[in-house]
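The values are calculated or read from the model by the stated rules, or taken from the named source; none is laboratory data. Keep in mind it's a predicted model, so treat the numbers as computed, not measured. In this analysis, Cβ positions are derived from the backbone assuming ideal geometry, glycine residues included, and neighbour counts consider all displayed protein chains. Keep in mind that these areas ignore ligands, DNA and RNA; they rest on the heavy atoms of the full protein, side chains included. Shrake-Rupley method; radii C 1.70, N 1.55, O 1.52, S 1.80 Å.
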Amino acid sequence: MTSRLANEEVTLSHAGMDVRLRPWLRAATQLERSHDGLLNLERRIFEFHTATVREVILATATNQQLANAFIAHADVLPLKEVADVAIPALLGVCAGFIPQSRKTDSKAGDGTPQPFSELYADLYEFATGWLGWSPETAWNATPTEISRAYTAHVDKLKAIHGSGHDDGNDAPDYQAEVKPEAVRNGIARLRQLAGKR
């Protein structure tokens, strides 16, 4: 049996043994890299590649002792029995490797998908650079937690400082906003003010 918690954790349960699995950024980064992409990782889980199953459990478990005990327990069980329990939980924790934003942004990017390795690097930079989290805090957060915290931080900055325009475009085009005659008039006005001193 698996259950999904509000904070993206998944509980892997069998015969009274419960192992909480969490989609930390560190685990997402390592597992995506070592399996040459999330699709390959999910395929290997679905095929119940036992080394991959162990790797995912150990990388995402919130308690390593329980994870090792669960793996030892599973080693003496029929493979199908373990697969029936583990596959949904492991696919569930892998789903947590994909950040879920709280709102959809129709203007996000140029439509070209960003590789997950780049996305995880960006999330780490957002967490440590923009949000000021320690590296350890960033690695232990989930991609969704970082994505939502970053979005909230940007929203806060916009609320405090304003976005500068109403068209929804985040990057102002200063050259388009200032006409040459406005610059000339501004310089003339500054000269007048300087001459009055």
For His153 and Leu77, extending 7 Å from Cα along the Cα-Cβ vector and measuring point to point gives, in nm, a value of 4.0 nm
Neighbour net charge for Tyr124 - beta-carbon separation under 14 angstrom, K R +1, D E -1: -4
At 1.4 Å probe size, with no ligands or nucleic acids counted, give the accessible surface of Lys156 in Å², nearest ten. 110 Å²
Compactness of region 48-91 - radius of gyration and Dmax, Cα, Å: 9.6, 25
Taking Lys and Arg as +1 and Asp and Glu as -1, residues besides Cys94 with C-beta under 10 Å from its C-beta add up to -2
